[in-house]
Amino acid sequence: MDTAIRATGLGKRYGEHHALRGVDLEVAAGTVLGLLGPNGAGKTTTVRLLATLLEPDQGRAEVAGFDVVRQQRQVRRRIGLAGQYAAVDGLLTGRENLELLGRLLHLGRKGARARAAELLTRFELEGAAEKPAQTYSGGMRRRLDLAAALIGRPEVLFLDEPTTGLDPASRLVLWEMVREQVAQGVTVLLTTQYLEEADFLADRILVIDTGQVIAEGTPDELKRKVGEEWLEVGVSTDAALPQALAVLAPVAAAQPEVDRTGRRITVQLADGIGTIAAAAVALESAGVPVTDFALRRPSLDDVFFHLTGRGTQVGRAPEEGAQPLAQGPEGEAERDEKAEKAAPGEKAGRTENGEKAEREPVAAATARTGDEQ
Ligand SMILES: Nc1ncnc2c1ncn2[C@@H]1O[C@H](COP(=O)(O)OP(=O)(O)OP(=O)(O)O)[C@@H](O)[C@H]1O
Ligand SMILES: [Mg+2]
């Protein structure tokens, strides 16, 4: 298979600060690489180096077969970039922005007009096409960004945090649009802090932290590092804990974890999802007072926590790894409280210094079982 992006030993310093310390990466043509990492990991720096906006201090990289330092012009002709901060001109309308870019890319007046019209339709921006971009909502702005990146029909598309700040519905729309590009053969390198995003879009994921690659693999490979599904059962009385333990023992793959204060048991399932029904029936017929019964799958957030011992330092995207199957009143209250803490996306769970204020129980469970890499 062709390699669309290849970097070896990529390094970049800003003064004394090593933003990238020898990053290697390879992206097969027509696939998506998700570059995942917390704030300051070096994601934007990597994108800017590959998109010829910065020059590396160390290492080398080729994009679409051309060297990013020696063959910048050839690279630029073949790439599209939607940067972390919107690059469109707010005073120009959506259409004017796209037509201007088309002209800059030498599509000619007619060609630029046609391509702009096509993209406005495709990205459902026709209705707003004659309005200044500064009046667009965040989601519309991101769609316009993506449209702008696609004007020149790039072979390789760089998307730096394409959905940061978008609501779940707009995020899904963007994801579908990215997938469509991939289906047409475009190679995508996208950076994200949203683990679900990388999980959803990427064929392979590179996790970077402080300028270094700390893990690489398919989403499934990374999740497997953390373990299979596990079941979390909450009970309403202390006395019910040993009772529930006895019932769950036959379905457990390993010694169950018991949280006496929280009255919760975490069980790694012997036969994955197949044993869920058996466990529910056994608890029910033994009369165990269950308040919470949830299947947890490791999320990429768990993977990150597993790799670095800390969270991703930002709130999660709306979807979580937990899949509650049934819930008592106690569990609900607890969940509501959590939802409230996690609600506004990026702001959630972040303290002044950017540390994640609170870990989700799922990650705590990972931490407990986290050393069998
Ligand atoms: N122009 C610059 N001058 C000095 N330091 C910089 C510059 N740009 C980035 N850095 C530093 O380099 C490191 C990597 O920055 P980069 O923007 O690549 O991170 P990132 O992973 O994109 O983060 P974020 O998630 O916040 O966008 C950070 O420590 C950042 O402070
Ligand atoms: Mg960035």
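Evaluated against (1) within 16 Å of ligand 1 (Cβ to nearest atom); (2) without any contact (Cβ under 8 Å) to a residue 60 or more places away in the chain; (3) among the aliphatic types (A, V, I, L, M), ILE265 falls short on exactly one condition, (1). The condition of being at pLDDT 90 or above, in contact with a strand residue (DSSP E or B) (Cβ under 6 Å, 6 or more places away or on another chain) and outside the structural domain of ASP259 (by TED's automatic domain parsing) holds for only one of VAL233, VAL207, that being VAL207. The test for being within 16 Å of ligand 2 (Cβ to nearest atom) and either at negative phi or touching a Phe, Trp or Tyr at 6+ places or on another chain (Cβ under 6 Å) (or both) holds for VAL47.
The set of residues from the range 229-241 being in contact (Cβ under 8 Å) with a residue 60 or more places away in the chain and surrounded by fewer than 22 Cβ atoms within 10 Å (Cβ to Cβ) comprises GLU229, SER236. Could you tell me how many of the residues in the range 171-190 are under 12 Å from the mean Cα position of the chain (by Cα) and at pLDDT below 95? The qualifying residues number 2.
Filtering the range 155-200 to residues that are touching a residue at least 60 places away in the same chain (Cβ under 8 Å), more than 19 Å from VAL63 (Cβ to Cβ) and assigned to a helix (DSSP H, G or I) leaves PRO168, ARG171, LEU195, GLU196, GLU197, ALA198, ASP199.
Comparison of ASP203, ASP199, ASP209, ASP167 shows that the only residue that is charged (D, E, K, R) and within 16 Å of ligand 1 (Cβ to nearest atom) is ASP209. Please enumerate the residues belonging to the range 66-96 that are part of a helix (DSSP H, G or I) and not β-branched (Val, Ile, Thr). Selection gives GLN72, ARG73, GLN74, ARG76, ARG77, ARG78, GLY94, ARG95, GLU96. Taking the range 241-257 as the range and being farther than 15 Å from ALA294 by Cα, modelled with pLDDT of 90 or more and hydrophobic (A, V, I, L, M, F, W, C) as the test, the residues that pass are LEU241, LEU245, ALA246, VAL247.
Residue check: ALA114 meets all listed conditions (1) part of a loop (DSSP other than H, G, I, E, B); (2) at pLDDT 95 or above but one, namely (1). Look at the range 20-43: where a residue is without any contact (Cβ under 8 Å) to a residue 24 or more places away in the chain and a partner is assigned to a strand (DSSP E or B) and more than 7 Å from ligand 1 (Cβ to nearest atom), sitting 6+ places away or on another chain with Cβ atoms under 8 Å, you get GLU26/THR3; GLU26/ILE5; GLU26/ARG6; GLU26/ALA7.
The sole residue among ALA87, ALA128 that is among the small types (Gly, Ala, Ser), within 16 Å of ligand 1 (Cβ to nearest atom) and assigned by TED's automatic domain parsing to the domain that holds GLY30 is ALA87. Taking the criterion of being of a type outside the set (Lys, Arg), more than 28 Å from the chain's Cα centre (by Cα) and within 24 Å of ALA28 (Cβ to Cβ), the residues of the range 68-97 that qualify are VAL69, GLN71, GLN72, GLN74. Within the range 153-172, the residues that satisfy the criterion of being farther than 22 Å from GLY37 by Cα and either crowded, with 20+ Cβ neighbours inside 10 Å or out of contact with any helix residue (DSSP H, G or I) (no Cβ under 7 Å at 6 or more places or on another chain) (or both) are ARG153, PRO154, ALA169. For the range 210-230, filtered to residues that are more than 29 Å from ALA270 (Cβ to Cβ) and part of a loop (DSSP other than H, G, I, E, B), the residue that is modelled with the highest pLDDT is GLY211. Taken over the range 265-302, the criterion of being assigned to a strand (DSSP E or B) and among the charged types (D, E, K, R) is satisfied by ASP292, ARG296. Counting just the residues of the range 55-82 that are in contact with a helix residue (DSSP H, G or I) (Cβ under 6 Å, 6 or more places away or on another chain) and either modelled with pLDDT of 95 or more or among the polar types (S, T, N, Q) (or both), which one comes out farthest from ligand 2 (Cβ to nearest atom)? Selected residue: PHE66. For LYS225, the conditions (1) in contact with a strand residue (DSSP E or B) (Cβ under 6 Å, 6 or more places away or on another chain); (2) within 16 Å of ASP301 (Cβ to Cβ); (3) basic (Lys, Arg) are fulfilled apart from (1). Hey, could you check the range 69-84 for residues that are away from ligand 1 (no atom under 11 Å from the Cβ) and under 14 Å from PHE158 (Cα atoms) and say which is surrounded by the fewest Cβ atoms within 10 Å (Cβ to Cβ)? Per the stated criteria, the residue is ARG77.
Residues of the range 191-212 that are under 17 Å from the mean Cα position of the chain (by Cα) and surrounded by fewer than 19 Cβ atoms within 10 Å (Cβ to Cβ): ASP203 alone.
The values are calculated or read from the model by the stated rules, or taken from the named source; none is laboratory data. Treat the numbers as computed from the prediction; the structure is a model and nothing was measured. Cβ atoms come from the backbone with ideal geometry, glycine included; neighbour counts cover every protein chain shown.
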